[in-house]
Amino acid sequence: MMEKHMRLFSGSSNPVLTADISDYLKMQQGKLDITRFSDAEIFIQIGETIRGLDAFIIQSTSQPANDMLMELLIFMDAAKRASARQICAIIPYFGYSRQERKSMSRTPITAKLVADMITVAGATRVLTMDLHAGPIQGFFNIPVDNIYAAPIFQKDIRKNSLDDVVIVSPDVGGVVRARALAKRLHVDIAIVDKRRPGPNQAEIMNIIGDIEGRHCILLDDMVDTAGTLCGATEALLERGASKVSAYATHGVLSGPAAERLASSRLHELVITDTIAQPKAIMDTGKVRILTAAPLIGEAISRIYSAQSVSSLYD
């Protein structure tokens with residue numbers, strides 16, 4: 001029935017995730033032709049009529065972030081000009097979300113710029129997952145659903161023994177996220193006190209909480225170069241942790257991340273499939289991927305049928 005009135009399209013960022021979501025929804029993907037001119041300009045043509053239909057495009061704005069963002073914007077412009085009734089941008093990983101405020105003089109608020117671009121391009125609704133900063137929802141003048149990977153992580157952690165487990169926030173900003181998961185699991189929480197002297201740099205200052213002899217599980221929304229993660233792992237082990245694992249929604253894992261993970265004493269990094277991972281990352285032997293397809297698929301179904309998305313967590 002859904003397929004009668006909506007179409008689900010895949011951008012280039014993560015076709016495997018889109019295929020899994022379409023399998024969950026039991027519907028075929030819409031026809032979309034994405035090509036490039038010789039100077040790398042992006043050209044998109046929707047290969048079927050979507051007049052009067054709801055168009056859903058799945059596209060993480062992950063590496064190469066600018067290309068993936070432009071694909072998303074161009075698709076929405078094409079859908080708008082093809083007379084789609086509604087255009088929903090499904091952005092599992094919302095890039096540029098780290099630039100949500102002026103952290104120093106003469107810097108942009110790029111998350112607001114991207115929100116404006118998505119809205120102007122024609123989106124009537126956005127669905128994303130674990131925004132780096134919740135207030136970004138307010139940058140849009142259209143409805144934004146921000147869903148969470150916590151239920152996926154909670155289920156996976158519960159498969160193992162919870163004896164001597166402590167959930168660790170890698171910084172003060174992540175305390176709310178860590179506390180919420182710790183409360184659901186009925187375990188303790190600890191905090192890594194760090195400061196950032198510059199982008200992609202972190203210095204561990206102190207560990208707040210009882211971690212000695214315990215299995216520490218670091219929880220974050222994303223891991224980029226893995227510098228903070230590996231530094232926190234060493235700090236926790238040096239202060240008596242028995243083992244350190246990590247869970248993060250988005251495996252950005254750029255630059256030296258593969259080398260750092262491979263040589264670290266981290267037991268494992270568990271991420272979702274919001275971002276497709278290259279072979280080099282998987283070859284580290286430290287990364288395990290959980291699928292977010294059922295959660296995103298169910299959210300899409302509820303958006304389409306005008307049901308509550310927040311009740312996913314009841």
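The values are calculated or read from the model by the stated rules, or taken from the named source; none is laboratory data. It should be emphasised that the depicted structure is a prediction, and the values quoted were computed from it without experimental measurement. Cβ coordinates were reconstructed from backbone atoms using ideal geometry, including for glycine residues, and neighbour counts include every protein chain displayed.
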With the checklist (1) modelled with pLDDT under 95; (2) more than 21 Å from the chain's Cα centre (by Cα) in hand, flag the one item residue 98 doesn't pass. (2)
Got a sec? Which of 276, 235, 292, 262 is in contact with a strand residue (DSSP E or B) (Cβ under 6 Å, 6 or more places away or on another chain) and at pLDDT 95 or above? 292
Just to be sure, is residue 136 buried (at least 18 other Cβ atoms within 10 Å of the Cβ) and within 18 Å of the chain's Cα centre (by Cα)? yes
Tell me, yes or no, whether the range 226-249 has at least one residue that is within 20 Å of the chain's Cα centre (by Cα), assigned to a loop (DSSP other than H, G, I, E, B) and either aromatic (Phe, Trp, Tyr) or buried (at least 18 other Cβ atoms within 10 Å of the Cβ) (or both). yes
Give me the residue from the range 171-194 that is at pLDDT 90 or above and outside any helix (DSSP H, G or I) and, out of that set, surrounded by the most Cβ atoms within 10 Å (Cβ to Cβ). 192
Assess whether residue 73 counts as being over 15 Å from the mean Cα position of the chain (by Cα), more than 27 Å from residue 304 (Cβ to Cβ) and either of a type in the set (A, V, I, L, M) or assigned to a strand (DSSP E or B) (or both). no
Collect the residues in the range 205-225 that are under 30 Å from residue 293 (Cβ atoms) and either in a loop (DSSP other than H, G, I, E, B) or among the polar types (S, T, N, Q) (or both), keeping them in residue-number order. 224, 225
Would you check which residues across the range 52-70 are closer than 15 Å to residue 128 by Cβ and part of a helix (DSSP H, G or I) and list them? 65, 68, 69
Of these, 296, 271, 300, which one is among the hydrophobic types (A, V, I, L, M, F, W, C), out of contact with any helix residue (DSSP H, G or I) (no Cβ under 8 Å at 6 or more places or on another chain) and touching a residue at least 12 places away in the same chain (Cβ under 8 Å)? 271
What do you reckon, is residue 33 over 17 Å from residue 80 (Cβ atoms), in a loop (DSSP other than H, G, I, E, B) and free of Cβ contacts under 8 Å to residues at least 24 places away in the same chain? no
For the range 105-135: of the residues being part of a loop (DSSP other than H, G, I, E, B) and of a type in the set (A, V, I, L, M), which is farthest from residue 175 (Cα to Cα)? 123
